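Scroll down for the structure; my scribbles are underneath it.
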Amino acid sequence: MELKLATSEKQVLEELVKLAQSLGLRGENGAWKEFLDAKDKKTGSPNDPSKRSRDELVSFLTTFNKTQDLQVLKYHANCLLIEKLEEESPDDESPEQSLVRLTLDHPAYSLDYSFQPHTEDWFVSDVGMKTSKVMESTEMVAVDCEMVLCDDGTEGLVRVGAVDRHFKVILDEFVKPDKPIVDYRTDITGITAQVIEKATLSLVDIQETLQPFLSNGAILVGHSLNKDLEVLKIDHPKVIDTSLVFKYSNARRPKRASLNNLCKSILGYEVRKAGVSHDCVHDATAAMKLALAVIEKRANTTIPPSKEMLEVERAKLFIHKIPHNVTSKELEQVLSGEFTLDVKPAKTSRGCYCAFAVFHSSKEADQAFQNVDGDQGQDSFGLPQKLVIFKLTSGSRVSIYVRKMVQDGSA
């Protein structure tokens, strides 16, 4: 393995040399200063990478041959690419790059994609070291994986599907994990022990198949793509994650739309039917169709909540501003009917806490709200709520708020 730096921009090379300096990385000819001392005939030559020629920077970086050092350098170059993508003006973006930006700008991106790809079994894309033309490529490849549970508690890759933007199948292969499997999740994956026994491909084989697309600057597309990349052990900076691109309208709390709900809302069909196992090629194709719906047809990335989602929310009541001295048992006396109390702890030891009362149906939740003895009003978002004042077993009186999760009459 070696770094391919023929088309790397000088600023990227400078940053990589600075990183090597800060981490104390040593190539075949030593660290940066040792490399320069051996090269320069005269003393007093500048050590600052920005004052050295591009050829000198490339010459030093190509002395690294340890896998871990190479992965660190490529990972850092990819981080620089992400920073560049975030800094660029949206006015100059292609529709594909706009979706990459939407993914990068999502609050969950930094946590979801915080991989540490420095072990030898990871494949780290080298696209961050390429020219702007490669980095701006709008080629897309959608990926989806099926995973099983291995005996050490980790996820094991057993099937991978990949399609290009024209829905041509690039990959549809079964993979044999390198660890014993304890749960095939057959009802979800459709995969059995007999299927895996016949598999001949390894994780490395899959990485090598995808490598040319990634090195040429392709954008990886998927739904909750971070989970697929983690099991594929691939780090690549150009991604479109449809679970981060699309959002529900009027959602008070961030809630990701499922692939099935997005397909029903945007594409008009269900990609997953009840009782039918997943098909990773179908799921990859669906993710690509969702991305293309925005790119080519300008589909709205804000979608209305599904009827199922609204029903789940309607079957709850939110109880908030609960004083710390109110017990769960006392709280249960405020509401009528059968429900489960989901308590959310306070941030401080004596602060107020909150809880969700989860009923069997929206009808039961509505009836319980009507039965609450309190003054009805609205919260700051216009949702119906009641101020309830009641007496604790200790004799003291406290106040809490009981609120609906969805506006009355919302479709």
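Any read-out appearing in this document is the output of simple, stated calculations on the displayed coordinates, not a laboratory observation. Computed from a predicted model, the values in this text were never measured in an experiment. Backbone-built Cβ (ideal geometry, glycine too); neighbour counts: all protein chains shown.
What to note about this one:
- Spacing of the modelled spin labels on ASP373 and ASP121, each 7 Å from Cα toward Cβ, amounts to 6.2 nm.
- For the chain, built as a Gaussian network whose Cα springs stay under 10 Å, the top-fluctuating residue of LEU335, LEU262, LEU201: LEU335
- For the pair LEU111 and LYS391, a Förster radius of 45 Å applied to the C-beta separation gives a FRET efficiency near 0.55, rounded to the nearest 0.05.
- Approximate spin-label separation LYS344-LYS247, in nm, with each point projected 7 Å along Cα-to-Cβ: 1.7
- Label zone at ASN65 (point 7 Å along Cα-to-Cβ), backbone N below 16 Å, the range 15-58: 26-31
- Comparing mean-square fluctuations of TYR75, TYR401, TYR184 from a GNM of the chain with C-alpha springs under 10 Å, the top value falls on TYR401.
- Rounded Å value of the spacing that divides the Cα centres of the range 356-411 and the range 181-237: 47
- Residues whose placed amide H lies under 5 Å from that of ILE219, excluding near-sequence neighbours: GLU139, MET140, VAL141
- The range 253-317-the range 88-165 distance, computed between alpha-carbon centres (Å): 20
- Degrees between helix 362-371 axis and first principal axis of the chain (Cα, 0 to 90, nearest 10): 50
- Sequence-ordered 3J(HN,Hα) estimates for the range 300-311 from the Karplus curve with 6.51, -1.76 and 1.60 and θ = phi - 60° stand at 6, 8, 9, 10, x, x, 6, 4, 5, 5, 4, 5 Hz, glycine and proline given as x.
- Degrees between helix 203-215 axis and first principal axis of the chain (Cα, 0 to 90, nearest 10): 80
- Fraction of antiparallel bridges per DSSP, the chain only, in percent to nearest 5: 80
- Of the options [x] 23; [y] 45; [z] 37, only one is percent of Cα pairs over 36 Å apart as computed from these coordinates, and that is [y].
- For the chain, the 222 nm mean residue ellipticity estimated from helices alone, with every DSSP H stretch of n ≥ 4 adding -39500 (n - 2.57) and the total spread over all residues, rounds to -10000 deg cm²/dmol.
- Gain upon complete extension [GLN21, SER89; 0.36 nm per residue less C-alpha separation]: 21.3 nm
- Above-threshold pairs, the threshold being 32 Å between Cα atoms, out of LYS33/LYS74; LYS255/LYS289; LYS179/LYS347; LYS18/LYS179; LYS247/LYS404; LYS176/LYS316: LYS179/LYS347; LYS18/LYS179; LYS176/LYS316
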